[in-house]
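The values are calculated or read from the model by the stated rules, or taken from the named source; none is laboratory data. Because the structure is a prediction, the values reported are computed rather than measured. Because the Cβ atoms are built from the backbone with ideal geometry, glycine has one as well, and the counts that use them run over all protein chains shown. All accessible areas refer to the heavy atoms of the entire protein, side chains included, with ligands and DNA or RNA removed. Shrake-Rupley method; radii C 1.70, N 1.55, O 1.52, S 1.80 Å.
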Amino acid sequence: MINEIQLIRDLEHMKEKEDLGVPCSIDNIIALVEKQPKLDKWIPVDKALPEDGKTVLCWYEYFRFGNYNCMYQDYGIGWQCRGCWGGISGVNVKVLAWMPLPEPYGGEEK
């Protein structure tokens, strides 16, 4: 699944450029679709980072004390800015992957 709203915005922007004389090809459209964030797939942090300050779902590991005394993995809501992550807590936190959040619920469609 892709981010349909973002894809439509990008295609509208492409159409505006085409109206100004910049040609649009099927290859350009395919490239646009391929670059869309996949809403149901984890994106490893070594492949790509979200936009600075954008809230995302994070899969991370951290050291857990007590009876565990080992690295533990969990997920939560966080963000990054210039490669540093915020919003998630723990000792020795390391974000492994992330994915965009879905659009907020807007009520019943009419």
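Among the GluC sites (Glu not before Pro) within the stretch 27-99, which fall in a DSSP loop and have no more than 13 other Cβ atoms within 10 Å of their own Cβ? Spell out each step's value before the answer.
Working: sites: Glu34, Glu51, Glu61; in loops: Glu51.
Listed in order of number, the matching sites are Glu51.
If DNA, RNA and ligands are ignored and the probe is 1.4 Å, what is the ranking of Ser89, Ser25 by accessible area, most exposed first?
Most to least solvent-accessible, the answer reads Ser89, Ser25.
Run through every distinct alpha carbon pair of the chain and return the Kirkwood hydrodynamic radius in angstroms, one decimal place.
16.4
What whole-number value in Å² describes the accessible area per residue of the chain for a 1.4 Å probe?
76
Please give the calculated 222 nm ellipticity per residue for the chain, where each DSSP H segment of at least 4 residues contributes -39500 (n - 2.57) and the sum is spread over every residue; nearest 500 deg cm²/dmol?
The helix contribution divided over the chain gives -7500 deg cm²/dmol.
Specify the angular offset, from 0 to 90 degrees and rounded to the nearest 10, of the alpha carbon long axis of helix 4-19 from the longest principal axis of the alpha carbons in the chain.
For 4-19 against the chain, the angle is about 30 degrees.
In whole angstrom, and with the biggest value first, how far do the Cα coordinates of the stretch 51-90 range along each principal axis?
In descending order, the Cα extents are 37, 16, 10 Å.
Which chymotrypsin sites (Phe, Trp or Tyr not before Pro) in the stretch 1-85 pass both tests, a DSSP loop state and at most 11 other beta-carbon atoms within 10 Å?
Answer by residue number: Phe65, Tyr68.
Over all Cα pairs of the stretch 3-57, how is the pair count split among 5 Å bins, expressed in % and running from 0 up to the last occupied bin?
4, 15, 23, 21, 15, 11, 8, 2
Ignoring any ligand, DNA or RNA, what whole percent of the accessible area of the stretch 2-103 comes from carbon and sulfur when the probe is 1.4 angstrom?
55
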